[in-house]
Amino acid sequence: MVPRERTAIYARGSFFKPIIPTSRVGSFRLLDVLHPTEELKEAGSEKGAAILNDDWDPASLFGMISALAPSCARQAPAEMSAILSSPEFVLCTDLGPEVADFVATQGSRVAFIHAKAASTARLCSASALHDVASQAIKNLPHLQPLADVGMQTGYWTRAWSAPPHVTGATRRLREGNLSSGHEMWRHIRKVVAAPDSEREVWLVLGQSLSKEALEKQVKPRPEAQAIQIFSLLQTTWAAVSQLGGRLRIFCSP
């Protein structure tokens with residue numbers, strides 16, 4: 001169904017009117033969830049073409065996220081490492097009944113990290129944001145502190161590989177010394193279920209969303225693509241907030 005009104009969106013049996021962001025003091029500052037990150041401006045691959053030195057391509061999104069591990073010789077983007085400066089646990093759960101692409105914990109903070117890259121640079125891609133936001137929302141039950149939703153964890157101790165798209169294989173556990181999937185999940189749940197925990201959802205977008213470009217759409221009549229993005233930001237933030245979580249979106253400047 002396509003509404004006649006250009007600022008109306010139909011979803012799941014209801015009509016919605018997205019909030020157009022504003023920078024006014026006291027208003028809902030929707031775009032504050034965006035963290036401009038220079039390295040993401042030209043990051044056109046999620047996983048790269050090959051495993052290099054037991055790690056993902058450093059220019060790929062997975063390589064940047066993996067670099068959050070203190071034992072990694074690489075440097076993660078400053079905007080990410082400022083929040084997770086020394087995580088004690090970093091795990092890739094990609095390719096399976098995943099919780100997220102990566103899960104990281106540091107003290108009382110847990111982050112479910114989802115990555116999406118566009119092969120060609122785009123300033124405002126609603127489709128890329130939709131794909132990664134849908135993945136994040138689908139897995140929100142695992143960030144629920146009041147109920148432990150069962151999780152298949154057996155593959156977490158096996159090597160990550162994605163032939164024929166990526167050459168080679170690497171370990172999933174990037175930081176930590178837990179020896180079984182059960183122990184890893186128990187560690188994650190311990191942080192998630194703590195009343196004082198900081199539960200976060202990260203969306204990492206490679207060259208598919210620019211904060212500066214989106215800020216230019218904060219006007220009375222934004223483009224249709226921008227309206228869709230505002231709606232996705234609004235609904236994703238609301239879904240994460242319902243669990244007492246915090247949404248962070250790392251994107252191009």
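Where a number appears in this text, it was derived from the coordinates with a stated rule and is not lab data. These numbers were taken from a predicted model, which means no experiment stands behind them. In this analysis, Cβ positions are derived from the backbone assuming ideal geometry, glycine residues included, and neighbour counts consider all displayed protein chains.
Restricting attention to the chain, close to 50% of DSSP beta bridges with both partner residues there are antiparallel. Note that the stretch 57-143 shows a convex hull volume over its alpha carbon atoms of 113 Å³ per residue.
Applying Stokes-Einstein at 10 °C and 1.306 mPa s to the Kirkwood radius of the stretch 200-253, computed over alpha-carbon pairs, gives a translational diffusion coefficient of 132 µm² s⁻¹.
Report the residues of the stretch 122-155 in range of a label on Thr235: point 7 Å along Cα→C-beta, backbone N strictly under 18 Å from it. It comes to 125-141, nothing else. Taking other C-beta atoms within 10 angstrom as a stand-in for reagent exposure, Cys92, Cys124, Cys72, Cys251 fall in the order Cys72, Cys124, Cys92, Cys251, fewest first. Size descriptors for the chain: radius of gyration and Dmax over Cα atoms are 18.3, 56 Å. Here the label points at Ala159 and Lys216, each 7 Å from Cα along the C-beta direction, are separated by 4.6 nm in the simple model.
Over all directions, the projected convex hull of the C-alpha atoms in the stretch 105-227 averages 10.3 nm² in area. Annotation: the residues Phe89, Phe15, Phe230, sorted from fewest to most other C-beta atoms within 10 Å of their own C-beta, follow the order Phe15, Phe89, Phe230.
If R0 is taken as 25 Å, the Cβ-Cβ distance between Ala50 and Asp131 corresponds to a FRET efficiency of 0.55. Rounded if a/c is under 1.5, else prolate if a/b beats b/c, else oblate: with a ≥ b ≥ c from the C-alpha gyration tensor eigenvalues square-rooted, which is the stretch 128-187? The shape class here is oblate.
Rounded to the nearest 20, the size of the Cβ-charge dipole of the stretch 157-243 about its Cα centre is 240 debye, with Lys and Arg at +1 and Asp and Glu at -1.
Between Pro195, Ser85, Ala8, whose Cα lies farthest towards the positive end of the dipole of the chain when Lys and Arg beta carbons carry +1 and Asp and Glu beta carbons carry -1, centred on the Cα centre? Checked the options; the winner is Ala8.
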